[in-house]
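S.K.: Before we start, here is the structure in question, set down as structure tokens.
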Amino acid sequence: MNRIKISKEEVAYVAHLARLSFGEEETRKFTSQLNDILLYMDKLNEVDTTGVEPVTHAIARENAFREDDVAASLPVEASLANAPEARAGCFQVPRVIE
Amino acid sequence: MELYELTIHELSDRLRAGEITSAEIVSSVFGRIDAVEKDVRAYITLMRETALAEAAEAGEKIRKGEGGPLAGIPVALKDIFCTKGVRTTCGSRILENFIPPYDATVVEKLRSAGAVFTGKTNMDEFAMGSSTENSFFGATRNPWDIERIPGGSSGGSAAAVTAGECIAAFGSDTGGSIRQPASLCGVVGMKPTYGRVSRYGLIAFASSLDQIGPFTKDVEDCAIVMNVIAGYDPRESTSVPQEVPDYRSFLGRDIKGWRVGIPKEYFIDGIDPEVEAAIRKAIRVVEGAGAKSVEISLPHTDYCVAVYYIVAPAEASSNLARYDGVKYGFRAGEARDLLEMYKKTRSAGFGAEVKRRIMIGTYALSSGYYDAYYRKASQVRGLIKRDFDEAFKNCDVILTPTSPTPAFRLGERTDDPLQMYLSDIFTISANLAGIPGISVPCGYTTGGLPIGVQFLAGHFQEGRLLQAASAYEKHARIDKRRPSL
């Protein structure tokens with residue numbers, strides 16, 4: 001059985017997808033721990049799931065529609081109150097385009 | 001007996017009889033906090049000043065005969081519920097200074113029932129953990145032995161109730177985060193059916209599994225607070241528009257002739273012998289109360305942990321994408337561009353366990369692995385749910401241990417995530433199937449650590465759970481010990 005589920009390079013790639021970055025030591029530790037966890041997950045392959053519908057919510061609900069009524073929303077100042085940086089009624093972020 | 005030692009129903013009776021005031025209860029509770037909090041560390045934020053004002057207000061209402069069902073009762077909130085104007089951290093550096101602009105629905109409901117808020121309790125960061133050691137603000141201690149963990153992730157709420165630092169508390173349970181700490185701290189803890197309590201204003205971890213519930217000193221208090229928090233909320237599209245019964249009406253009813261299912265898969269190698277003995281004794285207690293125990297099978301039990309640790313991280317990786325240093329919370333400085341700001345912020349703002357789960361979840365959802373992990377896990381989840389549907393055709397409630405061991409030592413499992421995950425082995429299945437569960441104290445180890453028994457029932461059968469738990473509590477007559485802090 002393959003004991004290597006995930007390489008250091010894959011860990012670095014998944015970290016990028018998740019918008020995380022790790023140092024060398026952290027990457028090594030996560031690779032080893034994720035490998036152990038993913039090996040444990042292999043036990044699911046013992047289960048025959050042919051024709052079994054995936055369940056993503058235990059209580060099936062129909063779409064929860066409501067009337068499209070206008071209601072009060074948060075004022076701009078309250079929405080921006082927790083922002084690390086805000087200016088002119090907007091969230092301020094570092095440069096996006098070169 | 002000090003006021004902080006009493007239950008909601010005992011205090012309410014005395015409040016309404018005019019023998020005591022809410023201000024006296026609040027002073028008693030804060031006096032207790034001042035005496036023991038340095039050892040227990042149950043709270044992240046205390047709300048002392050507003051609590052005194054709320055107590056005065058409640059006193060006024062009680063005098064006029066207008067007080068709600070929790071009028072003047074000091075309760076604590078896990079720091080995962082948004083509280084308007086009061087810092088809400090979720091145990092994370094990334095929300096260290098977050099001040100919500102609104103209250104969670106549960107907070108609104110408790111407020112209108114007259115509850116007094118003592119503060120926000122400690123928790124594993126983003127509710128990811130089983131020991132409350134993963135908090136950015138440091139670990140909470142088990143009041144029964146401060147060298148041990150209180151369980152988690154709602155460990156602060158469980159410890160606060162046990163230690164008398166509040167009268168009741170609220171938490172969230174995604175894989176056992178109410179029931180496991182309730183068991184390890186010797187209090188009653190309930191996870192209601194998925195959709196029974198609105199999650200609006202609950203900071204999301206795994207949205208298809210998260211559910212809010214109470215920690216109380218006895219089963220009657222659990223019924224009292226469930227009456228307050230249960231119900232449909234138009235602001236929360238997964239809350240279920242189903243009538244809420246009066247949960248108190250299930251108390252004190254007998255369980256003669258009930259069939260209590262004992263799943264054979266829950267008595268495994270690795271279960272602590274003292275826990276197993278206490279559970280076997282609990283089975284004899286329900287039999288003594290007139291119920292019949294029947295062996296049942298939940299064949300996919302062994303796969304619950306693997307399913308959970310794919311589904312929950314997958315949902316978490318998506319839910320936690322919102323912490324990007326833009327709209328609220330922590331932002332790391334000195335970034336050349338937006339992408340670097342995201343990465344620096346999230347890498348510095350999240351702790352190791354949260355990053356580990358975001359990584360597992362992102363991997364399980366990523367192109368090429370989705371079918372092998374997320375889809376496969378969701379299919380096995382369907383089989384786990386079907387196991388319960390089948391089991392409840394043959395029994396009224398199911399009885400199991402809540403946790404395979406009593407409280408373990410601080411640091412004992414922090415270096416081995418998989419070992420930590422296995423602490424939730426008996427509680428996870430209820431979240432995957434969406435069914436309600438309750439943990440009730442059922443004894444102590446020879447070392448004096450509490451042990452809990454779990455009852456499970458079908459969807460929206462909280463009443464049945466409370467009936468079983470209250471009958472068990474009455475017949476078991478577990479001695480009321482108090483931790484010596």
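The values are calculated or read from the model by the stated rules, or taken from the named source; none is laboratory data. As the structure is a computational prediction, the values presented were derived from the model and not from experiment. So basically every Cβ, Gly included, is an ideal-geometry build from the backbone, and we count neighbours across all protein chains shown.
S.K.: Under the condition of being hydrophobic (A, V, I, L, M, F, W, C) and in contact (Cβ under 8 Å) with a residue 60 or more places away in the chain, which residue from region B:5-22 is surrounded by the fewest Cβ atoms within 10 Å (Cβ to Cβ)?
M.R.: Of the residues in region B:5-22, the ones hydrophobic (A, V, I, L, M, F, W, C) are B:6, B:8, B:11, B:15, B:17, B:20.
Checking which are in contact (Cβ under 8 Å) with a residue 60 or more places away in the chain leaves us with B:6, B:8, B:11.
Values: B:LEU6: 20, B:ILE8: 25, B:LEU11: 25.
Filtering region B:5-22 for residues that are hydrophobic (A, V, I, L, M, F, W, C) and in contact (Cβ under 8 Å) with a residue 60 or more places away in the chain, the one surrounded by the fewest Cβ atoms within 10 Å (Cβ to Cβ) comes out as B:LEU6.
S.K.: From the list B:ILE80, B:ILE33, which one is in contact with a Ser or Thr (Cβ under 9 Å, 6 or more places away or on another chain), hydrophobic (A, V, I, L, M, F, W, C) and within 28 Å of A:LEU74 (Cα to Cα)? Full working, then the answer.
M.R.: Details: B:ILE33 fails: within 28 Å of A:LEU74 (Cα to Cα).
So the residue among B:ILE80, B:ILE33 that is in contact with a Ser or Thr (Cβ under 9 Å, 6 or more places away or on another chain), hydrophobic (A, V, I, L, M, F, W, C) and within 28 Å of A:LEU74 (Cα to Cα) is B:ILE80.
S.K.: Okay, moving on. Please verify whether region B:254-271 includes one or more residues that are part of a helix (DSSP H, G or I), touching a Lys or Arg at 6+ places or on another chain (Cβ under 9 Å) and either among the charged types (D, E, K, R) or more than 12 Å from chain A (Cβ to nearest Cβ) (or both).
M.R.: So the first thing to find is which residues in region B:254-271 are part of a helix (DSSP H, G or I), and the list is B:264-266.
Restricting the remaining residues to those that are touching a Lys or Arg at 6+ places or on another chain (Cβ under 9 Å) gives none.
So far as region B:254-271 goes, no, none of its residues is part of a helix (DSSP H, G or I), touching a Lys or Arg at 6+ places or on another chain (Cβ under 9 Å) and either among the charged types (D, E, K, R) or more than 12 Å from chain A (Cβ to nearest Cβ) (or both).
S.K.: Follow-up. So how many residues does region A:41-57 have that are surrounded by 10 or more Cβ atoms within 10 Å (Cβ to Cβ) and either of a type in the set (A, V, I, L, M) or over 19 Å from B:LEU298 (Cα atoms) (or both)?
M.R.: The number of residues fulfilling the criteria is 8.
S.K.: Could you check region B:216-232 and list, in sequence order, the residues that are crowded, with 20+ Cβ neighbours inside 10 Å and under 30 Å from B:ALA321 (Cα atoms)?
M.R.: Those that are crowded, with 20+ Cβ neighbours inside 10 Å and under 30 Å from B:ALA321 (Cα atoms): B:ILE229, B:ALA230.
S.K.: Is at least one residue of region A:14-22 at pLDDT 95 or above and exposed (fewer than 15 other Cβ atoms within 10 Å of the Cβ)? Before the answer, list the steps.
M.R.: Kept after step one, since they are at pLDDT 95 or above, are these residues of region A:14-22: A:14-22.
Still in the list and also exposed (fewer than 15 other Cβ atoms within 10 Å of the Cβ): A:16.
Scanning region A:14-22 turns up at least one residue that is at pLDDT 95 or above and exposed (fewer than 15 other Cβ atoms within 10 Å of the Cβ).
S.K.: Being out of contact with any Gly (no Cβ under 8 Å at 6 or more places or on another chain), away from chain A (no Cβ under 14 Å), crowded, with 24+ Cβ neighbours inside 10 Å and not in a loop (DSSP other than H, G, I, E, B) narrows it down to one residue among B:GLY189, B:GLY156; which is it? Don't jump to the end; show me each part of the working.
M.R.: Details: B:GLY189 fails: out of contact with any Gly (no Cβ under 8 Å at 6 or more places or on another chain).
Step by step, each of B:GLY189, B:GLY156 is checked, and only B:GLY156 is out of contact with any Gly (no Cβ under 8 Å at 6 or more places or on another chain), away from chain A (no Cβ under 14 Å), crowded, with 24+ Cβ neighbours inside 10 Å and not in a loop (DSSP other than H, G, I, E, B).
S.K.: Then there's this: Criterion first (touching a residue at least 60 places away in the same chain (Cβ under 8 Å) and either closer than 30 Å to A:SER32 by Cα or within 24 Å of the chain's Cα centre (by Cα) (or both)) does B:GLU340 satisfy it?
M.R.: Numbers: touching a residue at least 60 places away in the same chain (Cβ under 8 Å): no; either closer than 30 Å to A:SER32 by Cα or within 24 Å of the chain's Cα centre (by Cα) (or both): yes.
No, not satisfied.
S.K.: From the set of residues in region B:436-482 that are assigned to a loop (DSSP other than H, G, I, E, B) and among the polar types (S, T, N, Q), which is nearest to B:PRO245 (Cα to Cα)?
M.R.: Result: B:GLN461.
S.K.: Can you tell me which of (1) among the acidic types (Asp, Glu); (2) in contact with a Ser or Thr (Cβ under 9 Å, 6 or more places away or on another chain); (3) assigned to a helix (DSSP H, G or I) is the one B:ASP324 doesn't meet?
M.R.: Failed condition: (3).
S.K.: What number of residues in region B:365-379 are touching a Ser or Thr at 6+ places or on another chain (Cβ under 8 Å) and either hydrophobic (A, V, I, L, M, F, W, C) or under 21 Å from A:GLN33 (Cα atoms) (or both)?
M.R.: Quick first cut of region B:365-379, residues touching a Ser or Thr at 6+ places or on another chain (Cβ under 8 Å) only: B:365, B:376, B:378-379.
Subset that is either hydrophobic (A, V, I, L, M, F, W, C) or under 21 Å from A:GLN33 (Cα atoms) (or both): B:365.
The qualifying residues number 1.
S.K.: Pairs, please: C-beta under 9 Å, at least 6 apart or cross-chain, first residue more than 7 Å from chain B (Cβ to nearest Cβ) and in region A:51-66, second at pLDDT 85 or above?
M.R.: A:ASN63/B:SER237
S.K.: Related question: Any residue in region B:106-117 that's at positive phi and of a type outside the set (S, T, N, Q): show its pairings with residues that are crowded, with 24+ Cβ neighbours inside 10 Å and assigned to a helix (DSSP H, G or I) at Cβ separation under 7 Å, as long as the two are six or more apart or on different chains.
M.R.: As it stands, the answer is B:GLY114/B:ALA58, since those pairs meet every condition given.
S.K.: Answer with yes or no whether B:ARG413 is of a type in the set (Lys, Arg), outside any loop (DSSP other than H, G, I, E, B) and either out of contact with any helix residue (DSSP H, G or I) (no Cβ under 6 Å at 6 or more places or on another chain) or outside the structural domain of B:GLU315 (by TED's automatic domain parsing) (or both).
M.R.: Working: of a type in the set (Lys, Arg): yes; outside any loop (DSSP other than H, G, I, E, B): no; either out of contact with any helix residue (DSSP H, G or I) (no Cβ under 6 Å at 6 or more places or on another chain) or outside the structural domain of B:GLU315 (by TED's automatic domain parsing) (or both): yes.
No.
S.K.: Another question, then. Of all residues in region A:47-78, count the ones that are within 27 Å of the chain's Cα centre (by Cα) and either aromatic (Phe, Trp, Tyr) or outside any loop (DSSP other than H, G, I, E, B) (or both).
M.R.: 2
S.K.: Right, next: Across region B:354-381, which residue is nearest to the other protein chains (Cβ to nearest Cβ) among those that are among the small types (Gly, Ala, Ser) and buried (at least 19 other Cβ atoms within 10 Å of the Cβ)?
M.R.: Kept after step one, since they are among the small types (Gly, Ala, Ser), are these residues of region B:354-381: B:361, B:364, B:366-368, B:372, B:377-378.
Of the ones still in play, those that are also buried (at least 19 other Cβ atoms within 10 Å of the Cβ) are B:361, B:364, B:377-378.
Numbers: B:GLY361: 8, B:ALA364: 8, B:ALA377: 6, B:SER378: 3 Å.
Residue satisfying both the conditions and the ranking: B:SER378.
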